[in-house]
Structures are given as structure tokens and as C-alpha cells.
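None of the figures in this text is laboratory data; all of them are computed from the coordinates on show. Worth saying up front: this structure is predicted, and the values here are computed from it rather than measured. When we count neighbours, we look across all protein chains shown, and the Cβ atoms used for this are built from the backbone with ideal geometry, even at glycine.
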Amino acid sequence: MKLFQILAIIAGLAIACSIPFWAPKYYSFIFAVTMCFAIYALGYNIILGRTGLLSFGHALYLGLGGYTVAFLMRPSLGPYRIFSMELLLLIVIGVSALVGLGIGAICIRYTRIFFGLINLAFVMLWYSLLYKLRDITGGSDGLPIYLPKLFGIEFGHEQFRTFVFYYYVLAVLIITTYIMWRIYQSPFGLALKAIRENGVRAEFVGIPIGRYRLAAYVISAIYGAIGGALWAPLSGQVSPDMSTWLTSGDVVLMNILGGMYHFAGPLVGAFIFYNLKVQIMHFTTYWPFFLGASAIFFVLAFRGGVIGWLSEIIPKLSKRFYGQKS
């Protein structure tokens, strides 16, 4: 790892840890939601940037995580209601792994646009079920989310959403990022890269591309569900809007904006996209137009994403600086 990368990580962590102390409470909430999307985008990138599979339906898992939390908190469960955030996350991981395994077993049989369209079909089917099964899912109104306990401790509403849960989400983001980094550097992660570059050659040298693609898909599903499970307590409710094809498109843009071939790309892309969206929504009701125009600008100005552009410009600036200094 290069020096500027280490310095960037230290600076990023320092800023993230200090935000609740100097920023308005509203922005602490916004950054907490941003981190949820960062986990979602980081998981998506293992199939897009690492394996080379484009999915238009990954919001299914974002919604799956949120609705799993909502179902387990429903008053109708009586004494069996679950409020422990740690237990909820474990259940979400298990449910998303099973669903991802079932759907992924079907989807990974195809590649390119066919893979994307099959995932799109699944997310639209999921959205329809959420919208139509009103007695179970609450329909378009969704389901309420009650404040969970963190390590067995209850917190007040304002303290929970703007301070305590912020650091909880930050800790989960750090842990999931480290796990994903280890996956990328493992033989499995390098095999996924080989599959992305040339699946035929990868299979020829003995890599079981079907199983590896399925494993990557399941990991991606788990990360998406974790992001949804953490987002739900922040928003206070879940609704079918979590699982539309538009939300699936958002995560694609996050990866492209940040740089899908760079590990930090989805993290930076999630920060840029979501915060840009929030700021534009404050100024105009025509925010989709301006958000789209901004996305076009970023894509054209930063061909390899923001991280890709920085990885090219920083060595050049460093070489010029040290060359003049010597």
C-alpha cells in the first residue's frame, strides 16, 4: 500500500470519527445513511468491478435486509420480537445468503446483458410482492421500524439516530471493508479478476467459474442486505421504494462515479452520489434532471471514476514535485 493511500485512509477515518462532534445533527444522520449505501455499493462491486457481471436488480437485497428487520420487530410476534441489532444482523446475513444462493444459482448461468435483465426481473417481482401483499408488507405505506438495542443497551430517539448509531454503522463499515479487502487479496479474489478478464481462459486453467461467480453473488447479496438492515433504523420505516429498479441503478452509478476497478471506488462513489443527491434535492424539485446532468459530467470528466483519475494524477504531481525539488 502506497504512502498517499495510507494517509488518505487515516484522514478519512479521522474526519468520519469527528463528524458528530462538529457537524449539525442532520449531517450526522446523512453521513450515517451514506455509510449504509457505501456497504451496499462495496458489496455490489465484487460482482461488477471484480467479476464483470452487471446487475440491474441488486436493490432486492437492500430491501430484503430492511424488511427482515421490520418483520422481526412486528408487534404481532409478541414476546418473540427481536430488538438486538447484533442478532438482527446475523439473521439478515443468513436470510440474504439463502436468497442470494437461490437467485444466484439461476442468474449466474448467464452473462452480459442477460444477467442484468434476469436480476431486473427478480427485483420487479420482489417489488410487486411488497406492493401488493398489503396485509403482510404494509403495501405502499411499508412497515415501521422500532429503535433496536445496541449490545443490549437502549438509547433515546435523537441520541440513537444522530450519534450512537452513527458510530455503530461506521464500525460495521470498517469491518465489512476490511473483510472485502481480504477477499480481494485472496486467491479467490484474484480468480474473480481472472474470470472478469477472460472467463474462457480462467476455466481452461481449472477455475470453476460457475461456483466462483455464485460465491461472489452471495457475498454481494449479504453486503446489500447489511446495508438495508442498517438503513432501516435510520429511516424509521421500510417501503417498496427501497427495492425499485431506480435504487438498483443508483448503486451502478455509485460504482461508476467512484471507479469500479478500484477498491475504494464504491466507497467514494456512494459518498459523492448520495450527498450530491441530497444537496440538489434541497434546491429544486427538478432534482432528477440536475442529478442526471451531474452524473453525466462525472462520467465524462473522470473516465475511470474519481479514484481512477486520482490514481493517475497523484503520481504525475508527485513526480513533478520531486523532480523540481531534486
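For this structure, a couple of remarks:
- Computing Cα Rg over 2.2 N^0.38 Å directly from the structure and comparing it against (i) 1.19; (ii) 2.05; (iii) 1.02 singles out (iii).
- Debye, to nearest 20: dipole size of the chain, +1 on Lys, Arg Cβ, -1 on Asp, Glu Cβ: 900
- Proximal charge balance of K149 [Cβ under 13 Å; K/R count +1, D/E count -1]: -1
- Amide H within-cut-off set for V238, under 5 Å, with H built and near neighbours excluded: L143, I145
- Per-residue ellipticity at 222 nm, computed for the chain from helices alone with -39500 (n - 2.57) per DSSP H run of at least four residues, works out to -24500 deg cm²/dmol.
- Dipole of segment 25-243, positive direction: furthest Cα of I175, G206, F29, with charges on the beta-carbon: G206
- Proxy reagent accessibility, fewest Cβ within 10 Å first, across V123, V164: V164, V123
- The distance linking segment 83-145 with segment 164-204 is 21 Å (Cα centroid to Cα centroid, whole angstrom).
- Entry note, the chain: relative contact order of 32 percent, from Cα contacts under 8 Å with a spacing of 6+ residues.
- Furthest towards positive pole of dipole, S18, L54, G224, structure part the chain, Cβ charges: L54
- Taking I209, I174 and counting other C-beta atoms within 10 Å, the order from fewest to most: I174, I209
- Under 30 Å between alpha carbons - lysine pairs in the chain that sit 8 or more apart or on different chains: 10
- Neighbour-count order for H262, H157, H58, fewest beta carbons within 10 angstrom listed first: H157, H262, H58
- Relative contact order, whole percent, for segment 1-105 stands at 14, derived from Cα pairs under 8 Å and 6 or more residues apart.
- Net charge, A105 excluded, C-beta distance under 15 Å - Lys, Arg +1, Asp, Glu -1: +3
- At least 18 Å along the helix axis (C-alpha) and Kyte average at least 1.6, DSSP helices within the chain: 3-22, 85-107, 287-301
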